[in-house]
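The values are calculated or read from the model by the stated rules, or taken from the named source; none is laboratory data. Keep in mind that what you see is a predicted model, and the values were worked out from it rather than measured. Cβ atoms come from the backbone with ideal geometry, glycine included; neighbour counts cover every protein chain shown.
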Amino acid sequence: MEWDWNFVWQIFPTLLQGVKITIIATLLGSVLAVFVGLAIALLRRSPNRLVSTTTGFIAEFIRGTPLLVQLYFIFYVLPDIGILLPPLVAGVIGLGLHYGTYTAEVYRAGIDNVPRGQWEAAKACNLTARQTWTRIILPQAIPPMMPALANYFIAMFKETPLLSAITVLELMNQAKSVANTYYRYIEPITLVGVFFLTISLISVVVLRWLEQRYGRIER
Amino acid sequence: MPPRSARSHFPQHGTKPFMIDWSGYLSLILQGAVVTVQLTVMGSILALIVAFIAGLGRISRFAILRWLATAYIEFFRGTSIFVQLFFAYFVLPFMGISLTPLQAGVLALGLNVGAYAAEVVRGAILSVGREQYEACTALNLSRWQCMRKVILPQALLVMLPTFGNNAIELLKATSVVSLISLADMTFQANIVRSQTGSTLIPFATILFLYFVFALLISFGVRALERHMARGLDGVRT
C-alpha cells in the first residue's frame with residue numbers, strides 16, 4: 001500500500017481534534033500529579049508510622065501496576081459504588097494518580113536535598129511547621145526538581161494513548177477510528193507516531209534548558 | 001478463542017442460580033497471567049540484547065555506529081509504546097511483514113524498553129573510573145579484553161537496579177498488548193467483566209497479580225545484585 005498525501009490532508013482536521021484532547025489530558029493530569037505527588041511525599045514523612053507506611057504501600061502498589069488496568073478500574077469499578085465519571089475525567093484521575101506516585105519520589109529527593117542547617121535555622125527562628133515548609137523548605141526544594149518533574153510529564157504525555165481504551169477521543173482513538181473507517185492504517189498511525197516524536201524532540205530541548213536554568217537534583 | 005472457552009464456564013441452569021462459578025474465571029485469568037509472564041520474559045531478553053548493542057554503539061569509536069544508536073534510542077523513546085505496538089501490528093502487514101500479536105508485542109516491548117535500557121548501559125559504562133581504563137592500557141589488554149574483563153563486570157552491577165526498574169516498566173507495558181487482541185491478563189479480565197458483569201473482582205485480582213509480579217522482579221534483581229556484588233568489595237567506591 002502506498003503513502004497517500006491526499007488522504008493525509010483529508011484526515012488531518014480529525015486528528016487535530018484528537019491532539020487537543022491529548023494536550024488537555026496531559027495538562028490536567030500534570031497538575032493533578034503535582035499535587036498528588038506533594039501529598040504523598042508529605043504523608044510519607046509523617047511522624048505517625050501508620051500514616052507513612054500506609055501511604056508508602058499505596059504509592060508502591062500504584063507504581064507497580066499498569067496504568068491501563070488502573071484506568072479500567074476507575075472507569076468500570078467506581079460506577080458500582082455510585083461514582084460515575086466521564087471518560088476524560090476518569091483518564092485524568094488515572095494519569096494524575098499514577099504519575100503522582102512517580103513525582104512523589106522527585107519531591108522526596110528534592111526535600112532530602114535541602115541541607116539540615118535550613119531545618120535547624122527554621123527551628124531557631126521559631127517558625128511553625130507550616131511556615132518552615134512554605135517559606136523555607138519548599139522554595140529551596142522545588143526549583144531543582146523542575147527537570148525531573150518535566151521528564152515525568154513528558155512520559156505521561158506519551159502514555160495518553162492509553163486513554164483510548166476507556167473511550168476518550170484523544171489522538172490515538174481518532175486515528176484508530178479513521179483507520180477503521182477507511183481501512184488505511186499507514187497514514188493515521190504514522191502521523192500519530194510523527195506527532196509524538198516531534199513533541200518529544202522539542203521537549204528534549206526544553207528539558208536541557210530547564211536543567212541549565214535550575215540545575216539537577218543529586219541522587 | 002478465549003471468549004468461547006470462557007462461555008463453557010457459565011453457571012449451569014438449575015444449579016445455584018445467580019451464583020457465578022469463579023474457579024472457571026480464575027483459571028481464565030491465570031491463563032492470561034501465563035501470557036503476561038511470557039511477554040515479560042521474552043520482551044526483557046530482547047530488550048537486554050538490544051540495550052547492550054545500542055548502549056555500546058553509543059560510545060563506539062565509529063561515528064556511524066554512534067549515530068545509528070542515537071537515532072534508534074531517540075526514536076523509540078520519543079514515540080509512545082502504544083504507537084509502536086499499533087505500528088508493528090497494523091502497519092507492518094501493509095509493508096509485507098505480518099506478525100502474530102505475540103510477535104508484535106514482544107518486538108514493540110523489547111525495542112521500546114531496550115532503548116531506555118541502552119541509556120542505562122551507556123551511563124553505567126561511563127561511570128567506571130578512568131583509572132580502570134588506564135590500568136587496562138598498563139596491563140596491555142586489548143579493547144575487547146578490557147571491556148569484557150574489567151569494565152563490564154563493574155558496570156553490570158551499576159546497571160542492575162535500573163534494569164530491575166526497566167523490567168517492571170516492561171511488565172506494566174505488557175497490559176497494552178490486550179488492545180491488539182492478545183489474550184494477556186488484562187484482556188482476560190475484560191472478558192470476565194463482560195461475561196459476569198462483575199467489575200471489582202476481575203480488576204482487583206489482576207491488579208494484585210501485577211503487583212506480585214512486580215515484587216518478584218524487584219526481589220529477584222536484589223538477590224542477583226547481592227550475588228554479583230560478592231568479591232567486588234573494595235573495588236567499588
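Residues considered: A:25, A:59, A:41. Of these, the only one that is among the hydrophobic types (A, V, I, L, M, F, W, C), assigned to a helix (DSSP H, G or I) and in contact with a Gly (Cβ under 6 Å, 6 or more places away or on another chain) is A:25.
Within the range B:69-91, restricting attention to residues that are more than 8 Å from chain A (Cβ to nearest Cβ) and buried (at least 19 other Cβ atoms within 10 Å of the Cβ), which residue is farthest from residue B:57 (Cα to Cα)? Looking at the filtered set, the residue picked out is B:89. Only helices (runs of 4 or more DSSP H) whose full extent lies in the range A:125-219 are considered here, and the ones with at least 2 residues that are at pLDDT below 85 and over 21 Å from the mean Cα position of the chain (by Cα) are A:186-214. Checked against the criterion of being closer than 20 Å to residue A:197 by Cβ, more than 14 Å from chain B (Cβ to nearest Cβ) and modelled with pLDDT of 90 or more, the candidates A:40, A:11, A:21 yield just one match: A:21. Would you say residue A:7 is touching a Lys or Arg at 6+ places or on another chain (Cβ under 9 Å) and either in contact (Cβ under 8 Å) with a residue 12 or more places away in the chain or in a helix (DSSP H, G or I) (or both)? Taking the combined requirement at face value, the residue satisfies it. Checking each residue of the range A:55-65 against the condition of being within 11 Å of chain B (Cβ to nearest Cβ), among the polar types (S, T, N, Q) and in contact (Cβ under 8 Å) with a residue 40 or more places away in the chain gives no match. When you look at residue A:207, is it more than 9 Å from every other protein chain (Cβ to nearest Cβ), within 30 Å of residue A:115 (Cα to Cα), aliphatic (A, V, I, L, M) and surrounded by 20 or more Cβ atoms within 10 Å (Cβ to Cβ), yes or no? For residue A:207, the condition - more than 9 Å from every other protein chain (Cβ to nearest Cβ), within 30 Å of residue A:115 (Cα to Cα), aliphatic (A, V, I, L, M) and surrounded by 20 or more Cβ atoms within 10 Å (Cβ to Cβ) - is not met. Among the residues examined, residue B:224 qualifies as out of contact with any Pro (no Cβ under 8 Å at 6 or more places or on another chain) and over 19 Å from residue B:28 (Cα atoms). Looking across the range B:199-216, the residues that are facing chain A (nearest Cβ under 7 Å), of a type in the set (A, V, I, L, M) and either more than 14 Å from residue B:168 (Cβ to Cβ) or over 16 Å from the mean Cα position of the chain (by Cα) (or both) come down to B:200, B:206, B:207. Count of the range A:105-124 residues, restricted to those that are more than 20 Å from residue A:37 (Cβ to Cβ) and not in a loop (DSSP other than H, G, I, E, B), is 9.
The condition (being away from chain A (no Cβ under 14 Å), surrounded by 13 or more Cβ atoms within 10 Å (Cβ to Cβ) and in contact (Cβ under 8 Å) with a residue 60 or more places away in the chain) is satisfied by just one residue among B:155, B:189, B:229, B:135: B:229.
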